[in-house]
1. Checking the conditions here, which among 140, 168 is on the phi < 0 side of the Ramachandran plot, open to solvent by less than 70 Å² (accessible area, probe 1.4 Å) and assigned to a loop (DSSP other than H, G, I, E, B)?
2. Filter region 12-37 for residues that are open to solvent by less than 90 Å² (accessible area, probe 1.4 Å), among the hydrophobic types (A, V, I, L, M, F, W, C) and touching a helix residue (DSSP H, G or I) at 6+ places or on another chain (Cβ under 7 Å); which is farthest from residue 135 (Cα to Cα)?
3. Contact list please: Cβ distance under 6 Å, first residue in region 1-22 and over 15 Å from residue 84 (Cα atoms), second residue in a strand (DSSP E or B), pairs at least six apart or on different chains.
4. Please give the number of the condition residue 40 fails out of (1) in contact (Cβ under 8 Å) with a residue 40 or more places away in the chain; (2) part of a loop (DSSP other than H, G, I, E, B); (3) open to solvent by 60 Å² or more (accessible area, probe 1.4 Å).
5. Could you give every pair whose Cβ atoms fall below 9 Å, whose first residue belongs to region 57-70 and is more than 16 Å from residue 181 (Cβ to Cβ), and whose second residue is open to solvent by 70 Å² or more (accessible area, probe 1.4 Å), counting only separations of at least 6 or pairs across chains?
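The values are calculated or read from the model by the stated rules, or taken from the named source; none is laboratory data. Given the structure is predicted, the values throughout are model-derived calculations rather than measurements. We place every Cβ from the backbone using ideal geometry, glycine too, and count neighbours over all the protein chains shown. Heads up: the accessible areas ignore ligands, DNA and RNA and are worked out on the full protein's heavy atoms, side chains in. Shrake-Rupley method; radii C 1.70, N 1.55, O 1.52, S 1.80 Å.
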Amino acid sequence: MQRAWQRMLSGRRLDLLDPSPLDIEIEDIAHGLSFVARWNGQTRGDHAYSVAEHSLLVEQIFARDNPGMAEWRLAALLHDAPEYVIGDMISPVKAAVGSGYADLDTRLTAAVHQRFGLPARLPADVKRRIKAADKISAWLEAVEIAGFTAAEADRLIGRCTLGAREGLAIRLRPASEVRADFIARFQSLT
(Lines give C-alpha, C1' and ligand atoms only; values in the text may rest on other atoms or scores of the structure.)
Protein backbone atom coordinates (compact mmCIF):
# COMPACT_ATOMS: atom_id res chain seq x y z
CA MET A 1 0.00 0.00 0.00
CA GLN A 2 1.25 3.48 -0.83
CA ARG A 3 1.90 5.95 1.92
CA ALA A 4 -1.02 8.37 2.20
CA TRP A 5 0.17 10.42 5.15
CA GLN A 6 2.44 13.38 5.61
CA ARG A 7 4.56 14.12 8.66
CA MET A 8 3.88 17.59 10.03
CA LEU A 9 6.42 19.77 11.84
CA SER A 10 4.35 19.28 15.01
CA GLY A 11 5.18 15.57 14.78
CA ARG A 12 1.64 14.60 13.76
CA ARG A 13 1.09 12.22 10.87
CA LEU A 14 -1.81 13.45 8.81
CA ASP A 15 -3.54 10.82 6.67
CA LEU A 16 -4.44 12.76 3.53
CA LEU A 17 -7.07 10.25 2.42
CA ASP A 18 -8.76 9.88 5.80
CA PRO A 19 -7.73 12.90 7.88
CA SER A 20 -8.42 12.90 11.59
CA PRO A 21 -9.18 16.20 13.33
CA LEU A 22 -6.84 14.98 16.10
CA ASP A 23 -3.87 15.23 13.71
CA ILE A 24 -4.49 18.86 12.78
CA GLU A 25 -2.66 21.71 14.52
CA ILE A 26 -3.06 25.41 13.76
CA GLU A 27 0.72 25.89 13.84
CA ASP A 28 1.11 23.34 11.02
CA ILE A 29 -1.61 25.06 9.01
CA ALA A 30 -0.10 28.52 9.53
CA HIS A 31 3.40 27.30 8.70
CA GLY A 32 2.33 25.50 5.53
CA LEU A 33 0.06 28.26 4.24
CA SER A 34 2.72 30.92 4.82
CA PHE A 35 4.94 29.08 2.32
CA VAL A 36 2.30 28.22 -0.30
CA ALA A 37 2.33 30.85 -3.04
CA ARG A 38 -0.87 32.05 -4.68
CA TRP A 39 -0.86 32.31 -8.48
CA ASN A 40 1.88 29.64 -8.63
CA GLY A 41 4.29 32.34 -7.46
CA GLN A 42 3.77 34.36 -10.63
CA THR A 43 3.40 37.66 -8.81
CA ARG A 44 5.34 40.89 -8.57
CA GLY A 45 7.34 41.70 -5.46
CA ASP A 46 10.16 40.44 -3.33
CA HIS A 47 7.99 37.93 -1.44
CA ALA A 48 5.47 35.41 -2.63
CA TYR A 49 1.87 36.27 -1.92
CA SER A 50 1.02 33.37 0.35
CA VAL A 51 -2.23 31.57 0.95
CA ALA A 52 -1.90 32.61 4.62
CA GLU A 53 -1.81 36.29 3.62
CA HIS A 54 -4.74 35.74 1.26
CA SER A 55 -6.68 34.04 4.07
CA LEU A 56 -6.09 36.98 6.39
CA LEU A 57 -7.44 39.34 3.73
CA VAL A 58 -10.48 37.14 3.02
CA GLU A 59 -11.33 37.09 6.73
CA GLN A 60 -10.98 40.89 6.84
CA ILE A 61 -13.29 41.32 3.84
CA PHE A 62 -15.80 38.80 5.22
CA ALA A 63 -15.86 40.60 8.58
CA ARG A 64 -16.33 43.99 6.92
CA ASP A 65 -19.11 42.80 4.61
CA ASN A 66 -20.91 40.58 7.16
CA PRO A 67 -20.79 42.39 10.50
CA GLY A 68 -23.62 40.32 11.97
CA MET A 69 -21.84 37.02 11.30
CA ALA A 70 -18.87 37.17 13.68
CA GLU A 71 -19.29 33.48 14.55
CA TRP A 72 -18.24 32.58 10.97
CA ARG A 73 -15.07 34.65 10.78
CA LEU A 74 -12.96 31.63 11.75
CA ALA A 75 -14.44 29.73 8.80
CA ALA A 76 -13.40 32.61 6.54
CA LEU A 77 -9.84 32.53 7.91
CA LEU A 78 -9.64 28.76 7.41
CA HIS A 79 -11.36 28.69 4.00
CA ASP A 80 -8.18 27.51 2.23
CA ALA A 81 -6.67 25.59 5.17
CA PRO A 82 -6.36 22.25 3.28
CA GLU A 83 -3.83 23.90 1.00
CA TYR A 84 -1.27 23.62 3.81
CA VAL A 85 -0.82 20.02 2.68
CA ILE A 86 -2.27 19.82 -0.84
CA GLY A 87 -1.02 23.15 -2.17
CA ASP A 88 -2.84 25.80 -4.13
CA MET A 89 -3.72 25.22 -7.75
CA ILE A 90 -4.93 27.88 -10.11
CA SER A 91 -8.50 27.31 -11.29
CA PRO A 92 -7.61 26.02 -14.79
CA VAL A 93 -5.41 23.30 -13.26
CA LYS A 94 -8.09 22.32 -10.72
CA ALA A 95 -10.53 21.89 -13.60
CA ALA A 96 -8.03 19.75 -15.54
CA VAL A 97 -7.20 17.57 -12.52
CA GLY A 98 -10.85 16.86 -11.91
CA SER A 99 -12.54 15.54 -8.81
CA GLY A 100 -9.43 14.11 -7.12
CA TYR A 101 -8.23 17.46 -5.81
CA ALA A 102 -11.76 18.50 -4.83
CA ASP A 103 -12.29 15.24 -2.93
CA LEU A 104 -9.07 15.72 -0.95
CA ASP A 105 -10.02 19.33 -0.26
CA THR A 106 -13.49 18.33 0.98
CA ARG A 107 -12.17 15.66 3.37
CA LEU A 108 -9.43 17.93 4.73
CA THR A 109 -11.83 20.85 5.13
CA ALA A 110 -14.22 18.71 7.15
CA ALA A 111 -11.39 17.55 9.45
CA VAL A 112 -10.07 21.11 9.90
CA HIS A 113 -13.55 22.39 10.68
CA GLN A 114 -14.22 19.63 13.20
CA ARG A 115 -10.85 20.22 14.86
CA PHE A 116 -11.67 23.87 15.49
CA GLY A 117 -15.34 23.59 16.39
CA LEU A 118 -16.93 24.42 13.05
CA PRO A 119 -19.46 22.24 11.26
CA ALA A 120 -17.85 19.81 8.79
CA ARG A 121 -19.99 21.41 6.06
CA LEU A 122 -20.74 25.10 6.26
CA PRO A 123 -24.26 26.42 5.68
CA ALA A 124 -24.69 27.35 2.01
CA ASP A 125 -25.24 31.05 2.80
CA VAL A 126 -22.01 31.23 4.84
CA LYS A 127 -20.06 29.43 2.12
CA ARG A 128 -21.46 31.83 -0.49
CA ARG A 129 -20.47 34.88 1.57
CA ILE A 130 -16.94 33.56 2.13
CA LYS A 131 -16.67 32.90 -1.61
CA ALA A 132 -17.73 36.50 -2.30
CA ALA A 133 -14.93 37.76 -0.03
CA ASP A 134 -12.53 35.31 -1.72
CA LYS A 135 -13.42 36.72 -5.14
CA ILE A 136 -12.74 40.30 -4.02
CA SER A 137 -9.33 39.21 -2.75
CA ALA A 138 -8.61 37.29 -5.97
CA TRP A 139 -9.55 40.31 -8.08
CA LEU A 140 -7.23 42.57 -6.08
CA GLU A 141 -4.40 40.05 -6.30
CA ALA A 142 -4.90 39.62 -10.05
CA VAL A 143 -4.74 43.35 -10.74
CA GLU A 144 -2.22 44.49 -8.13
CA ILE A 145 0.38 41.73 -8.29
CA ALA A 146 -0.43 39.09 -10.94
CA GLY A 147 -0.32 41.29 -14.04
CA PHE A 148 -4.00 41.26 -15.02
CA THR A 149 -5.76 44.35 -16.29
CA ALA A 150 -8.96 45.33 -14.52
CA ALA A 151 -10.94 44.28 -17.61
CA GLU A 152 -9.30 40.83 -17.62
CA ALA A 153 -9.99 40.37 -13.92
CA ASP A 154 -13.61 41.48 -14.41
CA ARG A 155 -14.05 38.91 -17.18
CA LEU A 156 -12.25 35.99 -15.51
CA ILE A 157 -12.99 36.51 -11.81
CA GLY A 158 -16.02 38.77 -11.78
CA ARG A 159 -16.48 42.51 -11.52
CA CYS A 160 -15.14 44.11 -8.37
CA THR A 161 -16.51 47.57 -7.70
CA LEU A 162 -14.40 50.39 -6.34
CA GLY A 163 -16.50 50.31 -3.18
CA ALA A 164 -15.86 46.58 -2.68
CA ARG A 165 -12.11 47.08 -2.79
CA GLU A 166 -11.94 50.40 -0.94
CA GLY A 167 -9.45 50.39 1.94
CA LEU A 168 -8.01 46.99 1.01
CA ALA A 169 -4.39 46.35 0.13
CA ILE A 170 -2.29 43.42 -0.95
CA ARG A 171 0.65 42.93 1.40
CA LEU A 172 3.82 41.07 0.49
CA ARG A 173 5.73 40.01 3.60
CA PRO A 174 8.17 37.37 4.76
CA ALA A 175 6.61 34.03 5.65
CA SER A 176 7.58 34.37 9.31
CA GLU A 177 5.56 37.59 9.69
CA VAL A 178 2.53 36.19 7.90
CA ARG A 179 2.65 32.98 9.93
CA ALA A 180 2.75 34.92 13.21
CA ASP A 181 -0.16 37.13 12.12
CA PHE A 182 -2.19 34.12 10.99
CA ILE A 183 -1.74 32.41 14.36
CA ALA A 184 -2.53 35.65 16.21
CA ARG A 185 -5.70 36.13 14.16
CA PHE A 186 -6.74 32.53 14.81
CA GLN A 187 -6.18 33.01 18.55
CA SER A 188 -8.23 36.20 18.58
CA LEU A 189 -11.11 34.41 16.86
CA THR A 190 -11.13 31.33 19.11
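1. Working: 140 fails: assigned to a loop (DSSP other than H, G, I, E, B).
From the options 140, 168, the qualifying one is 168.
2. Of everything passing the filter in region 12-37, 14 is farthest from residue 135 (Cα to Cα).
3. Cβ pairs passing all conditions: 4/15.
4. So the condition that residue 40 fails would be (2).
5. As it stands, the answer is 62/129; 64/167; 65/129; 66/129; 69/129, since those pairs meet every condition given.
For every residue, the table says whether it meets (1) among the aromatic types (Phe, Trp, Tyr); (2) touching a His at 6+ places or on another chain (Cβ under 6 Å).
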position	(1), (2)
71	no, no
76	no, no
82	no, no
89	no, no
95	no, no
107	no, no
116	yes, no
120	no, yes
